[in-house]
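Down below is the structure, laid out as structure tokens.
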Amino acid sequence: MKIYHAPNTRSVRIVWLCEELGLDYELEMFKLGDGSMRDPEYLKVHPMARVPSLADGDVTIFESGAIVEYLLTKHGNGRMRPEVNSPDFPTYLQWLHYAEGMIMPHVNILVVETRLLPEPKRNPVNIERSTKQLTRMLGAVDKAMDGKEFLAGNFSGADIMTGHACTVGARLGGDISDKPNVEAYIKRLNDRPAMQKAWAT
């Protein structure tokens, strides 16, 4: 199994998940914005020249959420996802997809506006709006985490997706100063050895 990976990107989620599941993998390493990601051979793997992508035998798949679902279904052996008949299953699905649907669009804008664009081209209106919206999105997680350790019962793929998004969102300026549940949740996840290894990869 091969993970196409660049540090500090969504591919951290896939390394983290494989570490949690104890799966063997190799890494094909890139740097963010690496020109080799636009090589014709890699464009066959990911047509948008991004990471993560996963090669597993004859299967090639991209998009982090899809890869998380694939790995848990194919290699999870029932781990890290509730049974379909469990009352936690709808909650699991909701938070599995919340990361990309609600948090990461604002993270993307902030990365572009505060990290990738030179300062003269940055748009302060975009930065202010996305910071405000990101803070709102983290607020919903804070409410959901009240009295909980993880989002959907036991530690699951939903935490891989939304936990990673919360971590990145807070680093980029999402205000968690009044969100003790999110703050504790981020710390709890980042204390996990598998997540620490993924961040260091």
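Residues that are within 23 Å of A200 (Cα to Cα) and out of contact with any Asp or Glu (no Cβ under 9 Å at 6 or more places or on another chain) occur in the stretch 84-101; there is at least one.
Which residue is surrounded by the fewest Cβ atoms within 10 Å (Cβ to Cβ), if the candidates are limited to the stretch 150-171 and must be on the phi < 0 side of the Ramachandran plot and more than 14 Å from the chain's Cα centre (by Cα)?
Going residue by residue through the stretch 150-171, those that are on the phi < 0 side of the Ramachandran plot are 150-152, 154-171.
Now narrow it down to the ones that are more than 14 Å from the chain's Cα centre (by Cα): 150-152, 154-155.
Working: F150: 18, L151: 26, A152: 25, N154: 14, F155: 18.
Across the stretch 150-171, the extreme among qualifying residues is N154.
Provide a single number: the residues in the stretch 186-201 that are open to solvent by 40 Å² or more (accessible area, probe 1.4 Å) and either farther than 12 Å from T167 by Cβ or assigned to a helix (DSSP H, G or I) (or both). Give the derivation first.
Quick first cut of the stretch 186-201, residues open to solvent by 40 Å² or more (accessible area, probe 1.4 Å) only: 187-188, 191-193, 196-197, 199-200.
Remaining after also requiring either farther than 12 Å from T167 by Cβ or assigned to a helix (DSSP H, G or I) (or both): 187-188, 193, 196-197, 199-200.
Residues that pass the stated criteria total 7.
Being among the charged types (D, E, K, R) and within 19 Å of V12 (Cα to Cα) is the filter here, so list the residues in the stretch 82-109 that pass it. Correct list: E100 only.
The values are calculated or read from the model by the stated rules, or taken from the named source; none is laboratory data. Not measured: the values here are computed from a predicted model. Heads up, the Cβs are rebuilt from the backbone with ideal geometry, glycines too, and the neighbour counts pull from every protein chain shown. SASA here: full protein model, heavy atoms, side chains in, ligands and nucleic acids out. Shrake-Rupley method; radii C 1.70, N 1.55, O 1.52, S 1.80 Å.
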